[in-house]
Amino acid sequence: MASVRGLLLDDQQTRNKTVVIRLKQRLNKVFELNFHFLSLFPSPSPSPSPSPSLQGGNNAGHTVVVDSVEYDFHLLPSGIINPKVTAFIGNGVVIHLPGLFEEAEKNALKGKGLKDWDKRLIISDRAHIVFDFHQAVDRVQEQLRKEQVGGNLGTTKKGIGPVYSAKAARSGLRICDLMSDFTQFSQRYKVLAQQYKSMYPTLEIDVEGELLRLKDYVQRVKPMVRDGVHFMYEALHGPPKKILVEGANAALLDIDFGTYPFVTSSNCTVGGVCTGLGMPPRNVGEVYGVVKAYTTRVGIGAFPSEQCNEIGELLQTRGKEVGVTTGRKRRCGWLDLVLIKYAHMINGFTALALTKLDILDVMDEIKVGVAYKVDNQSIPHFPANQEVLHRVEVQYETLPGWKSDTSAARTFEELPENAQNYVHYIEEHLRVPITHIFILLSAIS
C-alpha cells in the first residue's frame, strides 16, 4: 500500500534528519492502493541521471506540480520534467503508444518541463505493447464479471490485465517486434486479434486501421528504442550518476502481495525493480516508502480503515483526492500502520516520506490503526483472503490534533508539537525513520 521508491546509488547517501520540504511535486497519488512513484529530481551530476519506470502502464496516474505548472503523468517517468534527466521506460512496463504520445503532447503544452522530451526518453525494446483491442477486451471482461459474478474488479479499462495475460501466455508482442519486420509483426498481430475474437465473438477489432496507425509510429518511436538491459548496465557501471526508479502502483496492488483479486497485473513491490528493468538486486540502494498521513484507495476492494462518514469526506475534499486516470473520488480513511508495516516487511524500507500532513491540520483528534482483530481475535499479520479482510476490525490509538496551519513550515521544528508527536509516533511504531515531510497546500498556492 505504501509506495516503494528505490534509489540506486553508486555512492550511498547519508540520511538526513527529518525535515519539512516545500512540496514542488504535488504528491496526490502516493500512499494508497493505486499509487505511482514520484521522481524527486536528482542533483546535478557529471552526466544525465536516468529516471526509469519498471512496471505497469497508463492505468495509474499522478499529478506533478513544478513552478506552478500542473502535469498529469501516466506512462512518462516524472523525472522527465528535469532537463538533466534521461527517462527510461523499462521492459516491465506495458505501453499503449497512442496514449504515450497523447500524454506527452498534452503536457508539453502546459510548460517548459517537457521540452525535447522525445530526445530524453528511452524505451526498452523488451516492453510489451498494449493494443486498442486489449482495452476493448478489458471492457468486455469487466462487463462479464459484473453479469456473471455480480461485481467487477473496478479496472481502469486501459487493457493492462489483458496485455499482461498475453505476456504470460507468450502470445504478446513487444516493441522489438514492432521495430523489426513489420510484415511478420502484422501477421502475429492478426493471430492475436483472432484469438480474442474467438473468445469474445461480439468484440469489434479494426485490424487494418490499428496496423496502419502502428506503422506510422515506427519512425517516431525508433530513435527512442534501446536494448534496456544494456542501457541499465551502462547506467550502473558508467560515469557516476544517481538513478531513481519509478513504479506505477502501490504495494497493496501488487499481483502477489496485494488485496487480490483487486490488484494490478504486475509486481509493484521492490522485487519488480529487478525484473522490470533487468537489473541485479545488489544494485538496489535506498528504498523509500511514500506514505500519506492518512489512507486512500481508488476503486473496489477491502479497505479496513475507511471512513464512510464526514471524516472521509473531509479528507477527500481537503486532500483533493480524485484519481488522475479515471476521475473517480478516492476513498479515504485513517492511517493504517498495519498496512504500512506489511509493506515494510515486503520492501524493507530504508526510510519513509510522509505526505499531506497538512490535510490533518483541522482535526481535533487523529486516529491511527495499530492492530487488527478478526472474530474478536487479534491477528499478527495482514490477511491474504479478501473475505477475511472485510471482517477485520481495526484497533485504533487516538492522538490529539494540532488545530493549526502547517503550510508555512519549512523545518521540522516549525511544526506544532502535536504534529511532531504524530510523526514520531509513526516512526516509533514502524521502527522506520521519516526523512521527508511534504505539505500539499503550500505547493498548490
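The values are calculated or read from the model by the stated rules, or taken from the named source; none is laboratory data. Note that the coordinates shown come from a computational prediction; the quantities given were computed from them, not determined experimentally. Cβ: placed from backbone, ideal geometry, glycine included. Neighbour counts: every protein chain shown.
Structure notes:
- Residue check for Met232: in contact (Cβ under 8 Å) with a residue 24 or more places away in the chain, in contact with a helix residue (DSSP H, G or I) (Cβ under 8 Å, 6 or more places away or on another chain) and surrounded by fewer than 19 Cβ atoms within 10 Å (Cβ to Cβ): no
- Candidate set from segment 291-301 (those that are at pLDDT below 90 and of a type in the set (A, V, I, L, M, F, W, C)); member that is farthest from the chain's Cα centre (by Cα): Ile300
- Test result for Gln187, loosely packed, with under 15 Cβ neighbours inside 10 Å and part of a helix (DSSP H, G or I): yes
- Flag if Phe133 is in the same structural domain as Tyr200 (by TED's automatic domain parsing) and of a type in the set (Phe, Trp, Tyr): yes
- Comparison of Glu204, Glu208 shows that the only residue that is exposed (fewer than 11 other Cβ atoms within 10 Å of the Cβ), at pLDDT 95 or above and either within 11 Å of Val137 (Cβ to Cβ) or acidic (Asp, Glu) (or both) is Glu208.
- The single condition from (1) touching a residue at least 40 places away in the same chain (Cβ under 8 Å); (2) over 27 Å from Ala169 (Cβ atoms); (3) not in a loop (DSSP other than H, G, I, E, B) that Gln219 fails is (1).
- Number of positions in segment 165-180 that are assigned to a loop (DSSP other than H, G, I, E, B) and either in the same structural domain as Val94 (by TED's automatic domain parsing) or in contact (Cβ under 8 Å) with a residue 12 or more places away in the chain (or both): 3
- Of residues in segment 389-445 being among the hydroxyl-bearing types (Ser, Thr, Tyr) and within 23 Å of Glu70 (Cβ to Cβ), the one modelled with the lowest pLDDT: Ser445
- In segment 305-330, the residue that is modelled with the lowest pLDDT out of those that are buried (at least 19 other Cβ atoms within 10 Å of the Cβ), under 22 Å from Gly401 (Cβ atoms) and touching a Gly at 6+ places or on another chain (Cβ under 7 Å) is Arg330.
- Restricting attention to segment 393-422 and to residues that are assigned to a strand (DSSP E or B) and not hydrophobic (A, V, I, L, M, F, W, C), the residue that is surrounded by the most Cβ atoms within 10 Å (Cβ to Cβ) turns out to be Tyr396.
- Cross-chain or 6+ apart pairs with Cβ under 9 Å, segment 353-379 first and farther than 20 Å from Phe412 by Cβ and in the same structural domain as Val291 (by TED's automatic domain parsing), then crowded, with 21+ Cβ neighbours inside 10 Å and small (Gly, Ala, Ser): Lys367/Ser305; Gly369/Ser305; Gly369/Gly333
- The residues of segment 157-177 that are surrounded by 23 or more Cβ atoms within 10 Å (Cβ to Cβ) and among the aliphatic types (A, V, I, L, M), listed by number, are Ile160, Val163, Ala166, Ile175.
- Test for Ala127: is it modelled with pLDDT of 85 or more and within 19 Å of Leu214 (Cα to Cα): yes
- Each residue in segment 74-113 was checked for being under 21 Å from Asp138 (Cβ atoms) and either part of a loop (DSSP other than H, G, I, E, B) or within 18 Å of the chain's Cα centre (by Cα) (or both), and 11 of them qualify.
- Residues of segment 272-289 that turn out to be β-branched (Val, Ile, Thr) and free of Cβ contacts under 8 Å to residues at least 60 places away in the same chain, as a count: 0
- Enumerated helices (runs of 4 or more DSSP H) restricted to segment 239-348, each holding at least 3 residues that are within 29 Å of Gln420 (Cα to Cα): 310-318, 337-347
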